[in-house]
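K.L.:
Take a look at this one; I'll ask things after.
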Amino acid sequence: MIYSMQMTIRRPFRIGFCMIWCLFNVSMAWAQNVGEGTAKGAVDKRKNATFFSKALECKNREDVQGAITNFEQALHYMADDAASMFELSHQYARAERVEEAFEMAKQAAQIDPDNKWYQMRVAQFYKSFEQYDELIEVYDKLTNRYPEDLDMLSQLIEALLYDGQYDKAIAKLNLLEEQFGRNSLISKQRIEIYKRQGKTKDVIGELQKMIADDPLNSRNYSMLAQVYMENGNNKEAMKMYEKVKETNPDDPYINVSLLEYYEKSGDNDKAFNELLEAIRNPNLDFNTKANIYEYWFKKSLNSPKIDEQAWQAGNAFLETYPDNKMGYLILGSYHINKKNQAEAKQMFSKVLQCDSTDYVGWQNLVLIEAQSDDTEAVLQHAKAALKYHPMQPVFYWFAGSASAMKKQNNEAIAFLEKGRKFVADKTLLTSFNSYLGDLYYQTGQEEKAFDAYEKVLSANPDNALVLNNFAYYLSLKSDRLDKAFDMSRHAVELEPKNATFIDTHAWVLYKQGRYREAEKQMKKALDLVSTPDGLYYEHYGDILFHLDNKEEALKYWNKALKAGNYSDKLEQKVAESKLYE
């Protein structure tokens, strides 16, 4: 019994001890795992924070790829980090990874549905994808959660308008009005919706409410007048304009409104008078005046009254703004149309006194001087214009042309070469290359001349003048005569009555030894002009000499001497009755 009792006592003791030992080992293992897990979580949080911080630094440096890499690493260590997802959405979008950007925004919004910025980010994507149902759903929830946020409600209304849900948009506007009272912004948005719905009566009713709320606001009368005009009710429209003058005699836009009213009524004279009054109105801003002037004259280009109206408008600007270039610009253009060169030059000089950088002023001044053959003034003012407009080829052209006329060919080449770099128009580039070809030839730079001509013909193979000049210069050297023949023949095909071109073609034939054909062509050239150039006679004499008609050759050489403009060998030919080439 004693033994049994001892065994009874010992067995529970030993079993309990084992169980306690096992439990101890398990608890130790659990504690160790918990400790390791806690430690790992802390490490992950630190790494997440570190990468997030690095990502923000990259973002601030505009380093998109660096920001993406670091935000992705932040998410690697904390997969539910909504803030990293939100930021990553922006960076993906900047990298044009739109689908990934959208996915990140949605995940952030799901993890933290109470964050309105995350929800609004998702809404932006729905808007860009034109998924209006989803967009409306997001903003509907946001407006319910943040009823005091007017921006949220405005966004919802806008979404409803995008989706054509006008009645719902009106209902939301009504709700907004109940919460915050009537105001012009709500009314204007409501008017816009009514216009889209074609509800003219409701538009008028809303405007009448706005007038009742603020009877001294002349702008509301103007808006209502415009609605009446759009619907053909001119009588009521004029009543509203009279109310504008009554409530606000200094209204800056009344003349503009009346201009539109009279124009739509077909009374262009009264409309133009309102334009003049608008220009003189001290309360209307200058830019609006300039815009309505431009509008009026663009639509009146074919009007017989345009010159008279330009004169009146220009003087109205000068009366109101004597120190502004606008009036001088208008009057300068007026005088150009009237071919009053001296007055036009004076006006554009005044433009440049008001604004020394004005491109139109410089361009017209130089053009007028070029038309007047005032070479010195053209060169002076083209060079002055280039100080303000160094990338405008037109001034290089004028400077180059004036230099060439003064026989300053190297200076002319320098201007044209520089200006050519800024030419975008193919026709103008052809002119530059053609002129450069002539100047290079005159300065003995034949290869550069021929290169310039090749560029012209590459762009325009039908440029008759360059075809002629190129062919003639090649014939003088007896170089590439087949090419010269093709070019001179094509030039004559393009302009069959041009005596100069026919003379060139005859001379190419002469250089090829085709004297009978050359004679035939030279006769054509001489028949086309009443007072032939001396070189024509000389060429014909040379051809006749080769055809063994020496008496006739001498006769034409003598004619060349009397006509002038001949080669430096002519006098020797006449003196010795012998051909020198």
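Each value in this text was obtained by applying a stated rule to the coordinates, not by laboratory testing. The structure presented is a predicted model; accordingly, all values stated were derived computationally and were not measured. Backbone-built Cβ (ideal geometry, glycine too); neighbour counts: all protein chains shown.
K.L.:
Would you pull out the residues with amide H under 5 Å of V529's amide H, same chain only if 5 or more places away, H placed 1.01 Å from N?
P.N.:
Counting only residues 5 or more places away or on other chains, the set is empty.
K.L.:
Counting Lys +1, Arg +1, Asp -1, Glu -1, what net charge surrounds V366 among other residues with beta carbon under 14 Å of its beta carbon?
P.N.:
Overall, the nearby charge balance is -2.
K.L.:
Here's something else I'd like to know. Once both axes come from the Cα atoms, what is the angle between helix 268-280 and the longest principal axis of the chain, in degrees from 0 to 90, rounded to 10?
P.N.:
70 degrees
K.L.:
Quick one: 3J(HN,Hα) in Hz for the range 441-455, Karplus 6.51/-1.76/1.60 with θ = phi - 60°, rounded, Gly and Pro as x.
P.N.:
After applying 6.51 cos²θ - 1.76 cosθ + 1.60, I find 5, 5, 9, x, 9, 5, 4, 5, 5, 5, 5, 5, 5, 4, 5 Hz.
K.L.:
Then there's this: For every other residue with a beta carbon closer than 12 angstrom to the beta carbon of A212, add +1 if it is Lys or Arg and -1 if Asp or Glu, then tell me the sum. Intermediate results must be reported in sequence, preceding the final value.
P.N.:
On the way: positive: R182, K209; negative: E206, D213, D214.
Cβ neighbours under 12 Å give a net charge of -1.
K.L.:
Explain nothing, just compute: Karplus ³J(HN,Hα) = 6.51 cos²θ - 1.76 cosθ + 1.60, θ = phi - 60°, for every residue of the range 540-550 in order, whole Hz, x for Gly and Pro.
P.N.:
5, x, 4, 5, 4, 4, 5, 8, 6, 10, 6
K.L.:
Now a separate question. What shape does the range 459-524 take by its C-alpha gyration tensor, where a ≥ b ≥ c are the square roots of the eigenvalues and a/c under 1.5 counts as rounded, a/b above b/c as prolate, and the rest as oblate?
P.N.:
Oblate, because a/c is 1.5 or more while a/b does not exceed b/c.
K.L.:
Which value at 222 nm does the chain reach when only helices count, each DSSP H run of 4 or more adding -39,500 (n - 2.57), with the total divided by all residues and rounded to the nearest 500 deg cm²/dmol?
P.N.:
Value at 222 nm, helices only, nearest 500: -26000 deg cm²/dmol.
K.L.:
Then there's this: Which shape class, rounded, prolate or oblate, goes with the chain when its Cα gyration tensor gives a ≥ b ≥ c as root eigenvalues, a/c under 1.5 marks rounded, and past that a/b bigger than b/c marks prolate?
P.N.:
Oblate shape, in that a/c is at least 1.5 and b/c is the bigger or equal ratio.
K.L.:
Here's a follow-up. Using the Karplus equation 6.51 cos²θ - 1.76 cosθ + 1.60 (θ = phi - 60°), what ³J(HN,Hα) coupling, rounded to whole Hz, does each residue of the range 250-255 give in order, writing x for Gly and Pro?
P.N.:
For the range 250-255, the Karplus-derived couplings read 9, 3, x, 9, 4, 5 Hz, x marking Gly and Pro.
K.L.:
Lys and Arg at +1, Asp and Glu at -1: add these up for the other residues within a Cβ distance under 11 Å of K116 and post the number.
P.N.:
That works out to -1.
K.L.:
Quick check: from the Cα gyration tensor, does the range 48-129 come out rounded (a/c under 1.5), prolate or oblate?
P.N.:
Cα axes put the range 48-129 in the oblate bin.
K.L.:
Could you let me know the centre-to-centre spacing of the range 545-572 and the range 269-311, using Cα atoms, in angstrom?
P.N.:
Measuring centre to centre over Cα atoms gives 66 Å.
K.L.:
Provide the packing ranking of 534-542, 61-69, i.e. peptides ordered by the mean count of other C-beta atoms within 10 Å per residue, highest first.
P.N.:
On the way: 534-542: 24.2, 61-69: 15.7.
Per-residue mean Cβ counts within 10 Å order the peptides as 534-542, 61-69.
K.L.:
Helix 393-405: angle to the longest alpha-carbon principal axis of the chain, degrees 0 to 90, nearest 10?
P.N.:
20 degrees
K.L.:
Also, I was wondering about something else. Starting from the amide H of S372, placed 1.01 Å from N in the peptide plane, find each other amide H under 5 Å away whose residue is 5 or more places distant or on another chain.
P.N.:
Amide H neighbours of S372: none.
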